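Derivation of every value follows stated rules applied to the coordinates shown; laboratory data play no part. In this text, all values refer to a predicted model and were calculated from it rather than measured experimentally. Here the Cβ positions follow ideal geometry from the backbone for every residue, glycine too, while neighbour counts run over all protein chains shown.
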Amino acid sequence: MLKAFTSAYDPKRTSKPSGKCWVSASHTPLSGRAIVAREGQMAFNSGRRNFITLLGGTAASWSFAARAEQPATPAIGVLSSQSAAAVERPLMAFQRGLNELGYVDGQTIAIEYRWAEGQYDRLSALATDLVRRKVAVIVALGGDPPALAAKAATATIPIVFIVGSDPVTFGLVESLNRPGGNATGVNLLLTEIESKRIGLLHELVPTATKFAMLVNPKTANAEAQIRDAQAATRALGLPMEVFNASSDADLEPGFARLTQSKIDALLVEADPYFVARRNLIISLATQHAIPTIYPLREFSDSGGLISYGTNLVEAYRQTANYVSRILKGEKPADLPVVQLTKFELVVNVKAAKALGLTVPQTVLVAADEVIE
């Protein structure tokens, strides 16, 4: 199933064939009986053939003219800091949302996918490529970096983004209610709830005396997330260390340092790179026996201990809605930034048992979903 999925999002594809073939009229040879007919009938048949040829030519001209008058299929550029595999479920929700609104890839629209595969330094070139292809809308997925890259690449092509924090602070929009400019989208509010995650982690591991936070320093709002988390641990009277990682080469040594520093509990920053590499991060957290809280349910679904955050599937579906409205003529400047306010708490009991933890009843009762 994954093979079929990824092939549908071929980043090299620029368009899909329409499935229509325009051909000129052709004539079958006269039958032997027609050839031996009287001369007058031959003349009539000849005239009839000429009339059919003229009619066919006229019809073909009308067909070509009608086709020429049809508007070109709009292209949607999807710019992501991640990979298709990393966001398979929400991406399917995006496509399904478009389909429900009458937009089908390869039929009524053409979707151009550009994946940075966690390499943020590629985003600028990928965004420029979409602008050069004159797409009708750029959908920036995977946090602040692709949104900022798209904004830097064009001031005219509409942009629909999904970000994890206040887009006003990064200059993406003028205000949440009246974005102005050429960008609008969805705010996941992931960075505004670090204190809640720290509280949940402390409730899950009440004996913890030392916290740590895994941060990608390349994230635009990393400092704000660190400040919020440190404020939350200070309120508990506990210290918190920061460990940076922006590539796979940083992760294993980083977890080794966490163990050396005798870290009791870990908070993973809301960052697209970490979402893409969640399987590796979860494996390392389990290997080093570090109880860890994550920003999205995709982590818990993949075997992570506990997650608290908004719903990516809903965010991607909302993005499809804004793309549809823009294609129908509405302006990003007039479309308010959607702020998702429903948060999901997901607990993986199987992961807790592997770490030798007993999940408190209060956490289980508060959970939206418990994975046994």
For region 128-262, the Rg and Dmax computed from alpha carbons only, in angstrom: 18.2, 56
Gain on full stretching of the segment that runs from residue 261 to residue 88 - 0.36 nm per residue minus C-alpha separation: 58.7 nm
Amide H contacts of residue 159 (H built 1.01 Å from N, under 5 Å, at least 5 apart or other chain): 138, 183, 184
Placed amide H near residue 188: partners under 5 Å, 5+ positions off or other chain: 163, 164, 165
Which listed pairs, of 134/331; 196/342; 151/196, have C-alpha distances above 20 Å, in listed order: 151/196
Approximate spin-label separation residue 234-residue 100, in nm, with each point projected 7 Å along Cα-to-Cβ: 4.4
Per-residue ³J(HN,Hα) for region 75-83, Karplus 6.51 cos²θ - 1.76 cosθ + 1.60, θ = phi - 60°, Hz, x for Gly and Pro: 9, 10, x, 9, 10, 10, 7, 10, 10
For region 133-147, Karplus couplings with θ = phi - 60° (6.51, -1.76, 1.60), whole Hz, Gly/Pro x: 7, 6, 5, 7, 8, 10, 9, 9, 10, x, x, 5, x, x, 5
Residue 178 paired with residue 247, simple spin-label distance in nm, labels 7 Å along Cα-to-beta-carbon: 4.6
Hydrodynamic radius by Kirkwood, which averages 1/r over all alpha carbon pairs of region 63-191, in angstrom: 15.3
Whole-Hz couplings from phi, Karplus 6.51/-1.76/1.60, listed for region 218-228; x for Gly and Pro: 7, 6, 4, 9, 4, 4, 5, 5, 4, 4, 5
